[in-house]
Amino acid sequence: MAASRHPLFMPLIYVGGLIFGFGLGFSHMAQPEVVLNFLQFEDFGLVFVMFGAAIVTGLGFAIVPRVLDSAPLTGDSYARRLKSFDRNVLIGGSIFGVGWGLSGICPGAAYASLGVGNVTILWALAGMFVGAYLQGVWRSQDAEASAGVTGAD
């Protein structure tokens with residue numbers, strides 16, 4: 001699949017990340033204090049940023065599949081990939097929410113916060129990496145246990 005991608009795929013990913021990070025920095029959403037003030041119902045600026053992003057994304061999902069048959073850089077067809085709401089989603093969302101509330105930052109904004117000079121955010125990034133690693137270990141053990149059960153049948 002990687003061989004069939006457009007040559008501009010990776011450079012555009014980086015440019016998109018830079019624009020996203022710049023937007024987070026410009027809107028002050030890379031500052032944990034702003035996010036924590038939102039979570040404490042003291043500052044509602046984050047609501048406008050989130051709604052703005054949701055509107056642009058919603059329009060993109062509604063219009064682009066009608067205009068293009070496939071994604072320009074990957075050639076993949078547009079389709080909804082629905083995932084079931086299960087225990088893993090509930091646990092993962094809860095852990096994410098607690099981490100967001102404690103640190104005042106989510107993964108994308110954490111990198112932007114580091115980019116604007118917030119060095120103490122490295123603690124939150126370390127926690128994200130440890131959590132991702134532990135989730136990977138847990139998933140691999142779960143997959144091995146499932147394979148062992150079906151292999152015995």
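The values are calculated or read from the model by the stated rules, or taken from the named source; none is laboratory data. Being a predicted model, the structure only gives us computed values, none of them experimental. All Cβ positions, even for glycine, are placed from backbone atoms using ideal geometry, and neighbour counts span all protein chains on display. The area values use the complete protein model at the heavy-atom level, side chains included, leaving out ligands, DNA and RNA. Shrake-Rupley method; radii C 1.70, N 1.55, O 1.52, S 1.80 Å.
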Under the Karplus relation 6.51 cos²θ - 1.76 cosθ + 1.60, θ = phi - 60°, what is the ordered set of whole-Hz ³J(HN,Hα) values for segment 86-95, x standing for Gly and Pro?
-> 10, 4, 4, 5, 5, 5, x, x, 5, 5
Give a residue-ordered list of calculated ³J(HN,Hα) values for segment 61-75 (Karplus: 6.51 cos²θ - 1.76 cosθ + 1.60, θ = phi - 60°; whole Hz; x for Gly, Pro).
-> 5, 7, 8, 4, x, 7, 8, 10, 7, 8, 5, x, 8, 10, x
Label point at A147 placed 7 Å out along Cα→Cβ; residues across segment 1-40 whose backbone nitrogen lies under 19 Å = none
A correct Karplus calculation of ³J(HN,Hα) over segment 133-143, with 6.51 cos²θ - 1.76 cosθ + 1.60, θ = phi - 60°, whole Hz and x for Gly and Pro, returns 5, 5, 5, x, 4, 4, 5, 5, 5, 5, 5
Points 7 angstrom from Cα along the Cβ direction at R66 and V116: gap in nanometres?
-> 3.6
Which labelled figure in (1) 1.03; (2) 1.26; (3) 1.08 is Rg/Rh (Cα atoms, Kirkwood Rh), once derived from the coordinates = (1)
Rounded FRET efficiency, nearest 0.05, which uses the C-beta distance separating L46 from I19 and R0 of 22 Å | 0.70
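Roll a 1.4 Å probe over the protein chains and send me the accessible area per residue for segment 15-115 in Å². Provide the component values of the computation, followed by the final result.
Working: 7310 Å² over 101 residues.
Heavy-atom SASA per residue in segment 15-115 reads 72 Å².
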Carbon/sulfur accessible area of segment 44-153, % of total, 1.4 Å probe, equals 70
Ranking G17, W100, N37 by how far each Cα lies towards the positive end of the charge dipole of segment 17-153 (+1 on Lys and Arg Cβ, -1 on Asp and Glu Cβ), the top one is G17
